[in-house]
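Contents: one structure, followed by commentary.
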Amino acid sequence: GKYAYTLNLEGGTFLNAFSINATTGMLTLLSSAPYSSSTALGRISVDPSGKYLMLADGFGLEWWPINLGTGAISLGGTVASREYSLSLSFSTGKAPVVYQPKFLYVLNANTSPSVMSISQYSIKPTTGLVTQLSGSPLGMSSFPNQLAIDPFGRFVYVSGGTFNNGTISAFTVNPVTGVLLPAPVPTYNLGGYADGIVEDPTGRFLYASVGPDFVAGYSIDSVTGTLTPVPGSPFSAGGNAVAIATGLAMDPLGRFLYADNTNSNAQGTGNVAAFQINPSTGALTLLSGDFAENYPIAMVVDPYGQILFNVDEITGDIENYGISQSNGQLSGPFDEFRFPANACPVGVTVHPLAPFVYVTVECTNPGWGLYGFKYDSTGFPTAIKGSPFFQAEDPTAMTIDPSGKFAYASHFSLGSSEAYKVAAATGKLTSITGSTVTTNDP
């Protein structure tokens, strides 16, 4: 009963905070107010513990931790919901929600010798160590590139195939054992080269980049995982005749999709395409994109949907863009970090709970390793102490589990995958003893 909060719609979208005089009831605006919020506000409420202000923002739910000493609030995060969320209420429980890792899937890909499979592991949540599941690795009929895991753990989709015959392979997930089985419709032919693949946070739509210069969109059957093209698919990414759509990324509320357009001429320039997602049909509307370097290959959006990080394999840098919360348009790129000469940054991932971003760099030693950065509200990256980590390794891909405690990286030329502890305060990576598992060209 010490603080009061209001949401305000006119002249902007923001929250205000007041202290309450315990004797008179008089309100005094806090010096830290107002606080900018989403473009579409619904209702606010404070949870029974008094520690969090919760906001239905039209596309999702926001939580704002409350400073119990001052009443000030700060954005803690967002989670997607179906459009249009307006109101909310609380039901108290006996135990807190705990995120913990369960299963890990690693793609194995090579042409000589022919290796096309998925390694499947269970994860011990206390240590991060993995154990191979029965029937692993699961053989595949087409060359795998990237995978997307359904947010509800129902399905796994893998992009791949050949340069002129891209495919999506679909699998169902046993929720108890984690074992994958081919879905009722196991393969979808895309035509062009298939690379990036993402699923929206509500589990209704799947998108895959299809070279040259297209993004294919599908609706997902919630029972079988069967894919059906959304109206208008595939969608042009606004590139040119030599552009190839590679990396994909989506904002955490499922409102906007971004695609890398890579110029096959290394001396040219690429661009980043931006799309608005129709929340009912999944159809894409192309927005004005932004400049990128020669060979943008992988991208990711931060957990709050405000920053897009992009890595360029040829130029060898990481770029960050600001994301407009009103329309998804990009601004930038800003504050580039240039990697050592001849290094090849090929993957990028963000921590789910803290402002850390990591880039996998291969090709050249010295130069390769796992690079970690702490970023500010604008996306400006500052190297984490000790970065790059594990410079004797040439990591290809990396992921962080939903609890934020463990990271996993694959090393193509070493034929192995490894687990790392992630320091919650600093983002530093530490190798977990006994975590290395060997496989064929992960």
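The values are calculated or read from the model by the stated rules, or taken from the named source; none is laboratory data. Model, not experiment: these values are computed from the prediction. Cβ coordinates were reconstructed from backbone atoms using ideal geometry, including for glycine residues, and neighbour counts include every protein chain displayed. Areas reflect the complete protein model, heavy atoms only, side chains present, ligands, DNA and RNA absent. Shrake-Rupley method; radii C 1.70, N 1.55, O 1.52, S 1.80 Å.
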Compactness of segment 340-411 - radius of gyration and Dmax, Cα, Å
11.8, 34
Carbon and sulfur atoms account, in whole percent of the 1.4 Å probe accessible area of the chain, for 56 percent
About its Cα centre, what dipole magnitude does the chain give when the only charges are +1 on Lys and Arg Cβ and -1 on Asp and Glu Cβ, stated in debye to the nearest 20?
1400 debye
Would you mind computing the Rg to Rh ratio of segment 79-204 from its alpha-carbon coordinates, Kirkwood style for Rh?
1.05
Once R0 is set to 25 Å, what does the formula 1/(1 + (r/R0)^6) return for the Cβ-Cβ distance between N342 and T433, expressed as a FRET efficiency to the nearest 0.05?
0.20
Once normalised by the length of the chain, the mean sequence separation of its alpha carbon contacts under 8 Å that are 6 or more apart gives a contact order in percent of 8 percent
Between S89 and K51, the FRET efficiency computed from the C-beta separation at R0 = 22 Å comes out, to the nearest 0.05, as 0.80
Tabulate in residue order the Karplus-calculated ³J(HN,Hα) for segment 414-424, using 6.51 cos²θ - 1.76 cosθ + 1.60 with θ = phi - 60°, rounded to whole Hz; enter x for Gly and Pro.
7, x, 8, 10, 9, 10, 9, 7, 10, 5, 4
Expected-Rg normalisation [2.2 N^0.38 Å, Cα atoms] applied to the chain
1.00
Simple label model, 7 Å out from Cα along Cβ direction - D376 to S288, nm:
2.7 nm
Alpha-carbon centroids, segment 143-180 and segment 201-257: separation in whole Å:
15 Å
Relative contact order of segment 1-143: what whole-number percent is it, with Cα pairs under 8 angstrom and at least 6 residues apart?
13 percent
When we measure straight from the Cα of K102, which lysines land under 30 angstrom away, once same-chain ones fewer than 8 places off are left out?
K51, K94, K124, K374, K385, K405, K421, K428
Treating only the Cβ of Lys, Arg, Asp and Glu as charged (+1, +1, -1, -1), what charge dipole size does segment 327-413 show about its Cα centre? Round to the nearest 20 debye.
160 debye
Karplus couplings for segment 63-77 from phi (6.51 cos²θ - 1.76 cosθ + 1.60, θ = phi - 60°), rounded to Hz, Gly and Pro as x?
10, 10, x, 9, 6, 5, x, 10, x, 5, 10, 8, 5, x, x
Among S417, Q325, P402 - extreme Cα towards positive end, dipole of segment 317-426, charges at beta-carbon:
P402
How much accessible area per residue does the chain have, in Å², with a 1.4 Å probe?
44 Å²
